[in-house]
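First up is the structure itself, then whatever we jot down about it.
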Amino acid sequence: MAQHWKILVWLIAGVIVGLLLQQITEAPGSIGATLGSTSDGKVVVQSISRNLTPKGRTAAEKLTVGDRISKIAINAGMADENLLDSVSSPEDVSAFLASAGAGGVATITLEDGTEKSCQVILDPGSDRSRYLYPFVFLADIFMRLLKMLIMPLVFTSIVTGVAGLGGGEDFGRLGRRTFGYYVTTSFLAVGLGLVLVNLIRPGDGAQLGLSTAAQFGQESENWLDILRRMVPENVFDAFTGNGNMLQVIFFALLFGFFITRAPEKPKKILTELLDSAFQVVMLMASWVMKLVPYGVFCLLVKVVGETGFDVFIPLSTYMLTVFLALVIHAVVVLPLLLSIVARVSPLKWFRAMSPVLMTAFSTSSSSLTLPTTLNTLKSRGKVSNKTSSFVAPLGATVNMDGTALYECIGVVFLAQYYATAGDYVLTFGSQVTVVMAAFLASIGAAGIPSAGLIMMLTILSALKLPLEGAALLLAVDRPLDMCRTMVNVWSDTVGSAIVATREGEKGLGDFETAETAES
Ligand code: ASP
């Protein structure tokens with residue numbers, strides 16, 4: 001069975017198993033504390049088994065032994081707030097937590113009026129937790145495998161991409177034009193994504209059931225700090241943490257560039273070595289990608305089992321936002337550039353490039369599409385070998401407009417969620433970080449299925465947001481991936497046409513005339 005069908009089948013199976021688990025088990029919530037009664041009939045905290053104070057809250061907000069509880073509200077301030085107005089016994093609290101379920105933030109008011117904050121998690125002793133455990137375990141291993149590949153993929157793909165530019169006199173001119181196009185369209189894409197995600201706001205108040213107590217610290221850096229931190233003090237340090245991806249990307253860009261400037265011998269050795277490493281890492285990645293159906297299954301069981309089907313409702317708005325941005329970019333922005341800058345009819349170019357678009361859609365991989373792209377640019381697009389073999393392979397790794405806008409929407413979506421469900425603050429500064437990081441991530445993403453999602457982890461780390469969010473987005477990633485890959489290669493072909501025109505090439509996309517003349 002084709003991989004995308006397989007994923008779909010496992011995805012549906014995951015939802016079904018998750019729903020079944022919901023039917024046959026209870027999901028009592030827990031605030032990580034044992035409660036008891038005092039002799040005067042009050043409810044008091046007897047022991048703390050787990051500190052569930054959301055990060056970023058003050059120490060005074062931590063629930064402590066001896067606290068006398070008078071009121072509990074879950075998701076205070078949100079539309080679906082649950083309230084236990086007068087706490088009279090520990091059993092009351094258990095019943096309340098069982099009915100409210102796991103996955104919110106509890107605001108606990110004490111007798112003296114002070115307020116404490118607590119994450120409500122699935123009671124670890126419950127049947128539901130026990131049944132879910134194997135799925136959670138496997139889903140974690142799957143996520144670790146994906147994360148394991150981040151660093152080697154980014155480094156080898158960027159270095160080989162940039163080094164592939166080669167030297168020579170064409171290098172400067174072609175390089176400037178090509179990169180000028182890549183940078184312009186990628187920023188247009190990210191900008192479009194940012195505008196749409198801020199207009200539609202799919203993450204506001206979304207019920208994703210993600211732990212808001214996870215490890216985020218506030219993003220306090222300003223834009224210049226981010227720029228400064230892009231330059232690593234110690235490259236080996238940068239390689240040791242997935243959060244330092246911008247530093248690795250920076251180093252890889254420079255390293256790749258200076259390979260082209262190196263004397264013949266080191267240039268040859270390094271290019272071959274890194275190219276071989278890239279190929280092997282790609283093999284590892286495609287091996288991990290074989291696990292995607294099962295990974296998605298486990299993640300879905302976990303998500304649906306813990307939080308229910310509601311998770312797809314906020315995700316559907318998120319998906320629609322991504323689709324809308326992709327359509328506007330592919331149907332309005334790129335065609336405008338094509339007709340204004342290259343004076344090529346977008347419709348004609350679209351017809352000429354349709355084999356590329358279909359291949360991209362079904363493989364979800366710019367790299368796998370590359371042979372078709374090169375062939376089609378030459379035979380149907382009438383683009384010269386010199387231009388196409390320069391613009392297309394580089395574009396398959398470096399130029400990903402669809403991925404760029406997807407990164408932006410995905411990250412801001414999660415940040416909006418954490419801003420309304422937890423206490424994350426999505427500042428203007430962090431939005432600027434997202435723009436820059438989404439641009440760099442689209443350069444860093446390898447042209448393989450779901451690479452964009454893996455890269456999203458790096459932006460989440462840069463914003464100090466928890467990584468589980470991306471795991472959730474994986475559930476709906478395949479359809480989005482197919483569409484954004486199509487936009488990625490569509491942009492590569494439009495770029496080839498624009499660069500070719502600037503190089504003085506004529507008759508672009510005239511495959512029908514040529515075919516008629518030949519017959
Ligand atoms: N699959 C995409 C591509 O190959 C990358 C991504 O996941 O965004 O172009």
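Quick notes on this one:
- Other residues with beta-carbon under 12 Å from the beta-carbon of A189 carry, at +1 per Lys or Arg and -1 per Asp or Glu, a net charge of -1.
- Per residue, the accessible area of the stretch 340-408 comes to 36 Å², computed with a 1.4 Å probe over protein heavy atoms only.
- Whole-Hz couplings from phi, Karplus 6.51/-1.76/1.60, listed for the stretch 398-407; x for Gly and Pro: 9, 9, 9, 5, x, 5, 4, 6, 5, 4
- Derived scalar couplings ³J(HN,Hα) [the stretch 494-500; Karplus, 6.51 cos²θ - 1.76 cosθ + 1.60; whole Hz; x for Gly, Pro]: 4, x, 4, 5, 5, 5, 4
- Anchor K116: lysines whose Cα lies under 25 Å away (excluding residues fewer than 8 positions away in-chain): K42, K55, K62, K71, K464
- Ranked from largest to smallest solvent-accessible area, with a 1.4 Å probe on the protein heavy atoms, W349, W287 come out as W287, W349.
- Net charge of the neighbourhood of A27, taken over other residues with C-beta under 11 Å away and scored Lys/Arg +1, Asp/Glu -1, is -3.
- Of the solvent-accessible surface of the stretch 348-454, computed with a 1.4 Å probe and all protein chains present, 69% belongs to carbon and sulfur.
- Evaluating 6.51 cos²θ - 1.76 cosθ + 1.60 at θ = phi - 60° for every residue in the stretch 250-258, the Karplus couplings come out as 4, 5, 5, 4, 5, 4, x, 5, 6 Hz, glycine and proline recorded as x.
- log₁₀ of I(q)/I(0) at q = 0.17 Å⁻¹ - the stretch 361-466, Debye sum with one point per alpha carbon: -0.77
- Set of lysines with alpha-carbon distance to K506 below 26 Å, sequence-local pairs under 8 removed: K348, K378, K382, K386
- The calculated FRET efficiency for L320 paired with S39, based on their beta-carbon distance and R0 = 41 Å, is about 0.10.
- Extension gain (nm, one decimal) between V136 and L283, 0.36 nm per residue minus Cα-Cα: 50.3 nm
The values are calculated or read from the model by the stated rules, or taken from the named source; none is laboratory data. Quantities reported herein were computed from a predicted structural model and do not represent experimental measurements. Note that each Cβ is placed from the backbone with ideal geometry, even for glycine, and that neighbours are counted across all protein chains shown. In case anyone asks, the SASA skips ligands and DNA or RNA and just uses the protein heavy atoms, side chains included. Shrake-Rupley method; radii C 1.70, N 1.55, O 1.52, S 1.80 Å.
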